[in-house]
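Bear in mind that the values in this text are calculations on the coordinates, not laboratory data. Fair warning: this is a prediction, and the values are worked out from it, not measured in the lab. Every residue, glycine as well, gets a Cβ built from its backbone with ideal geometry; the counts of neighbours run over all protein chains shown.
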């Protein structure tokens, strides 16, 4: 006998689960519409080279599904959407008025040890705004995310928006004598903050950073642009000052939108190689474990991989599954275990086998009049069928017995107040 | 420089293409709702065994993407949805009131030579009704498909519904002395009818079927249940007569629904191994090449692979791409090349860099009032911006210049009649 379970780390989506996914994606689509983003999609399979170029080596070699097809092509099941988006943007951006606003709901794949919050097949939400380096494009990402969370009824105190700026930090590190290798180490150790106990973490930093450990630990205390500027001190370059000014402009633009949960976060540096400017994460704050719900940022050199022409963009990705966990923990999801029948929907049955054909025709007629009709294809006794309809959450039944056959009609029964209405069965065209 | 094209045989879906897909899937969803079907989804990756059991060997070994993952599992990118549906049904059907009605829009994958109408990644539409062997379930599939085509405005003369019955044909063949091997050959040669010139085809049948060729050619002329019954003649078994009666009941049930393009088709036998009863195809008839748009049928032994308990079901699959070609050929699709801005949507801009923050706040405020707002993140002169808005199909602009800043308002401009309205900018929360 065959196994009924899906592959380890992958989910089946039964109608209950699918209703939840659809509910979430509808709210996201509403936000997309409200900000004039357009939906796109790309193939799940891509050549490996597309991801080797700018995603991390670890992601491509160790954490992805990749294989050689019958034609000898080395393929990957996309672990993220951004490289496919950049590839597609490069195909069309020259002929379009800029900037372009795109969103997508791709399935992505990672070969990781399955655990709560991590799946091997997962649905992502991706938004990108490409063709402008205005700080107001970065601010729009935050505004859009606020709309998304508001649409679900999540108040500002249930999550924080943590940001940082790659350009700011790179120039800070440069001014403090970090070479390229030390900078890469810095981003990887800083990213581990909060993922181990504080005492262990400080130990870890001292071990990894040797002569620069005190600087790194001080950096991690710097929770504002002023604190970072103080840290830069007299070493601050022109590039640093410019980046700091942009960050202040960004904060002020976001605050002007009535958003008060934006915080500068020294440890928010993002793992992917392609970020070059402001990076951000949404962090769950109120219920459940503290976790990043969403991450994104600005990339300047991604489209240049395809066209030689660099066009700056910003965007974010958010996992539907993680977002669902957050919404559940905060009591922000309806109950999807029972489908709620819409107002104009009915359970339709007949009491004797010979009445099937007439009843099916009546069901077709009701559908043409805008009703959703579930047709029971086998005859059944009235009490049993009414019970089945009620159990399925229906407010209305359509029933046909020998009396109705004589009159060539069907009875529309309101299960709440018992009212019956006879409807003439005519020929459907 | 990296290639911008997707893999051979796979499509990128730019916003224009995506709007078309979404338009098609919305119409299908409306039909699903109207017949009380519930949406589900399964992982794209499955163990190969799931498909080896009941799909054709050719499909699994030669026409699919399959590979061994890092954990040594032999996986397949699903070439069709039915086995995953059956696996999932088997997990839950015992606890649910039967029958179950499910639909899905899965991406499926085939490693085939790409050609018009055939892609290596393709979106499918799948419907299944499981847990009843009533002929009215088979009739519901046809009723549902009629609704789908009507929803698109396709009249009955643009397509035909061709059907046959595996049980009927199997008992016909048995009565005429076909052994198992000869029956398999029969289904494969009969399936080739219409795929080569008639003269060549008759030659081909004579070559393949030797002593039975005349019977096969006569069979292919039998275009009604009566003609098939005549062919069976005195050899007709009780099983044959029963199947013929069921077919007549099916035709009558479908006709009673006002559907007049159902025809018995001797060559419609369907390639997949799991069909056991009525099988059907929708055939494009009016414009473009004659091709099957959709195929399906009844399967009795599919769920038994998982649970030992056999539950009969019926269902169909339809390719979104093929359906799209048919609709285009019949002039039944709107123009998706330009997005049509909805009534309450506006292009929002400012004339001087210093006004960005106030304008962004005004845009956020308008969105809270139900407007879709596209925000231009860089300052621009009024005529240029109005032109851009018009080119993008907007009826309204929101514009903010120095005068508006003084009054802390934004102007809502109707591009069709030139009317301006000032809206006060307040603090967004």
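Once the label point is set 7 Å along the Cα-to-beta-carbon vector, what list of distances in nm do you get between residue B:91 and its counterparts in the other copies?
Output for residue B:91: 3.3 nm, nearest copy listed first.
By how many degrees, between 0 and 90 and to the nearest 10, does the Cα long axis of helix B:198-209 differ from the longest principal axis of chain B?
Tilt relative to chain B: about 50 degrees.
Show log10 I(q)/I(0) for the range B:70-209 at q = 0.08, 0.10, 0.13, 0.18 Å⁻¹, two decimals, from a solvent-free Debye sum over equal Cα scatterers.
-0.37, -0.58, -1.00, -1.38
Mind pulling the per residue volume of the convex hull built on the Cα atoms of the range B:345-424? Å³ is fine. Write down the numbers at each step before the final one.
On the way: hull volume 6.4 nm³, N = 80.
Looking at the range B:345-424, the number lands at 80 Å³ per residue.
Once you have a ≥ b ≥ c as the square roots of the Cα gyration tensor eigenvalues for the range A:90-169, tell me rounded if a/c is under 1.5, and otherwise prolate or oblate according to whether a/b is larger than b/c. Don't skip to the answer; put the middle values down first.
On the way: a/c = 1.72, a/b = 1.22, b/c = 1.41.
Oblate is the answer for the range A:90-169, as a/c is 1.5 or above yet b/c matches or exceeds a/b.
Mean separation of Cα pairs under 8 Å and 6+ residues apart, divided by the residue count of chain B: what relative contact order is that in percent? Mind showing how you got there, number by number?
On the way: 687 pairs, mean separation 65.7, N = 429.
Relative contact order comes out at 15 percent.
Find how many whole Å separate the alpha carbon centroid of the range B:1-53 from the alpha carbon centroid of the range B:282-323.
The two parts, judged by their Cα centres, are 16 Å apart.
Hey, what angle do you get for helix B:356-368 against the long axis of chain B, alpha-carbon based, 0 to 90 degrees rounded to 10?
Between the helix axis and the principal axis of chain B, the angle is about 50 degrees.
Taking the label point as lying 7 angstrom from Cα along the Cα-to-Cβ axis, what are the distances from residue B:25 to the corresponding position in the remaining copies, in ascending order and in nanometres?
Label point to label point, same position, other copies: 0.5 nm.
What shape does the range A:15-329 have by the C-alpha gyration tensor, where a ≥ b ≥ c are the square roots of the eigenvalues, rounded means a/c under 1.5, and otherwise prolate means a/b greater than b/c and oblate the rest? Before the final figure, lay out each step's value.
Values: a/c = 1.35, a/b = 1.27, b/c = 1.06.
Because its axes are fairly even, with a/c under 1.5, the range A:15-329 counts as rounded.
Defining the label point at 7 Å along Cα→Cβ, can you sort the distances from residue A:249 to the same site in each other copy, shortest first, in nm?
The projected label point of residue A:249 is separated from its counterparts by 7.6 nm.
Can you name the chain A residue with its Cβ nearest the rotation axis from A to B, and give the distance in Å as a whole number?
So the chain A residue sitting closest to the axis is A:67, 2.
Of all the C-alpha pairs in the protein assembly as shown, what % are more than 43 Å from each other? Write out the running numbers ahead of the final one.
Working: 147832 of 367653 pairs.
In whole percent, the long-distance tail amounts to 40.
Which value in Å is the Kirkwood Rh of the range A:291-429 over different Cα pairs? Each step should come with its number before you reach the end.
Details: mean 1/r = 0.0527 Å⁻¹.
Computed over the range A:291-429, the radius equals 19.0 Å.
Using helices alone, I'd like the mean residue ellipticity at 222 nm for chain B: each DSSP H run of four-plus residues gives -39500 (n - 2.57), total over residue count, nearest 500. Intermediate results must be reported in sequence, preceding the final value.
On the way: 16 runs with 169 residues, N = 429.
For chain B, the value works out to -12000 deg cm²/dmol.
Based on the inverse mean of 1/r over its pairs of different Cα atoms, what is the Kirkwood hydrodynamic radius of the range B:1-156, in Å? Can you show the working numbers first?
Numbers: mean 1/r = 0.0565 Å⁻¹.
The answer is 17.7 Å.
Which peptide among A:382-388, B:281-287 comes first, and what is the full order, when sorted by highest mean count of other Cβ atoms within 10 Å? Intermediate results must be reported in sequence, preceding the final value.
Values: A:382-388: 14.0, B:281-287: 19.1.
Per-residue mean Cβ counts within 10 Å order the peptides as B:281-287, A:382-388.
Taking the number of other C-beta atoms within 10 Å as the exposure measure, put A:314, B:276 in order starting with the fewest.
On the way: A:314 29, B:276 20.
Listing A:314, B:276 from fewest to most nearby Cβ atoms yields B:276, A:314.
Could you tell me how far the Cα centroid of the range B:103-166 sits from the Cα centroid of the range A:175-204, in Å?
56 Å
Rounded to the nearest 10 degrees, what's the angle between the helix A:238-256 long axis and the longest principal axis of chain A, both from Cα atoms, 0 to 90?
With rounding to tens, the tilt is 30 degrees.
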